[in-house]
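The values are calculated or read from the model by the stated rules, or taken from the named source; none is laboratory data. Quantities reported herein were computed from a predicted structural model and do not represent experimental measurements. Glycine gets a Cβ as well: all are built from the backbone with ideal geometry, and neighbour counts include every protein chain shown.
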Amino acid sequence: MQIYTVAPGDSVYSIARMFGVAPSLIISDNELSAPTQLAIGQSLLIRQPTETYTVASGDTLASIAERFGVTPGELWRQNPTLGGMERLSPGEVLVIRTSPPQYGDLITSAYVYPFINTGTLRQTLPYLSYITVFTYGIRRDGTLIPPGDDRGEAEIIELARDYGTRPLLMLSTLTEDGTFSNELADFVLNDPAVRQTVINNLVDTVVAKGYAGVDLDFEYLGGDNAAAYAQFVRDVKTALSARGDYDVWVALAPKTEADQPGLLYAGHDYAALADAADRVLLMTYEWGYAFGPPLAIAPLNEVRAVVNYALTEAPADKIMLGIPNYGYDWTLPYVRGESEAEPLSSVEAPRRAFERRARIMFDEAAQSPYYTYYMNNKEHIVWYEDPRSIDAKASLIYDTDLSGAGIWNGMKFFAPLWLILNDRFNIVKY
């Protein structure tokens, strides 16, 4: 696998000749809906298969997998155009193998809402060790607020099991009005009766609905609740363990020091939470966010600082690195309290660069692509994730020996993201 940066005069076909691969593979791997529209500076994933097969009449996914000594899951991961489905077309060229992974095992996860498109869900599940449904909330009486789509939630759980993926229930301090509440967190953590009711309802829901565990995300806690939160996680782990083999994860705000000031950080004691949980996921994204100033979404220099601190507090085999799957388009000048960036997918971002005749640049410190353009006499700046930025994060996981990658979020499929992780690592399945 290689990553190529588009230069003036390049086309998909000239790049394909350069690397000796089929143009159709470059087009599908990079989700190029208009292959003639390449932006200068755009990065492309280039896979060079070591073995391919042309589907013949009568072939099935199972028969091809058996013939080549691979699993259907491996075929799905090598061929995202299959969409995680078994339908094949005669004449279709399948990638059977690429070079063996260099980086060893990787646990993968993605957050999804229960209204995720079924096709996107099926396409993504072959790449996932875990999938987390966003999100259950809490009422003041200790009952849980469901994520709002029982049918979609049930489908995610059922399909996840079919694809060897463990589904997790996410519990956050989200209220019925859709906001995170530090006041609610303080109330729940410090009222013994309500706290126990929450745990009982959580465990009962996990077991009844067929989840494999929970992912806890209590944000804006304040330092006074750090010890209480860690104890809450221990209590959840104890209660679930009494019912079977269940995972307990905790999502962590991206800290770089133990006493980092700020309501987002103070309540997350990395060492205590990692000790209480099976895994912790670093929310290493949203440096650039919708209501904030224009920045890289997950600048590698900042992400690395969080990882380095986390490794002083928790073992590497418990730590998951958060990776974003999107970008933002800011209209300049940014005005605090007024500006709101437009979210963009990582497929839409380079397409917009071509349409606006923008040259895509790459920030070496942040290891992130960006570009500027003008529309209606207003300057815009776009930061997003591309194959280069994702590969840099994959290398960081390997270099620091972390256990996995958690994607925020899985609502839109981005083929280069999953193909890079699949190429660099052996994705763990259950």
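To keep it simple, each residue is scored yes or no on (1) of a type in the set (Ser, Thr, Tyr); (2) under 30 Å from ILE381 (Cβ atoms).
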site: ALA242; (1), (2): no, no
site: GLU257; (1), (2): no, yes
site: TYR265; (1), (2): yes, yes
site: LEU282; (1), (2): no, yes
Mind listing just one residue for me: the one in segment 204-225 that is surrounded by 18 or more Cβ atoms within 10 Å (Cβ to Cβ) and assigned to a helix (DSSP H, G or I) and, of those, nearest to the chain's Cα centre (by Cα)? VAL206
For ASP235, state whether it is in contact with a strand residue (DSSP E or B) (Cβ under 8 Å, 6 or more places away or on another chain), surrounded by fewer than 19 Cβ atoms within 10 Å (Cβ to Cβ) and assigned by TED's automatic domain parsing to the domain that holds LEU402. no
Which number in (1) out of contact with any Ser or Thr (no Cβ under 7 Å at 6 or more places or on another chain); (2) farther than 17 Å from LEU202 by Cα; (3) surrounded by 16 or more Cβ atoms within 10 Å (Cβ to Cβ) marks the one condition that GLN260 misses? (3)
Considering PHE134, PHE180, which residue is in contact (Cβ under 8 Å) with a residue 40 or more places away in the chain, touching a Ser or Thr at 6+ places or on another chain (Cβ under 7 Å), more than 29 Å from MET1 (Cα to Cα) and of a type in the set (A, V, I, L, M, F, W, C)? PHE180
Just to confirm my filter: which helices (runs of 4 or more DSSP H) fall fully inside segment 69-186 and include at least 2 residues that are in the same structural domain as LEU402 (by TED's automatic domain parsing)? 118-124, 150-162
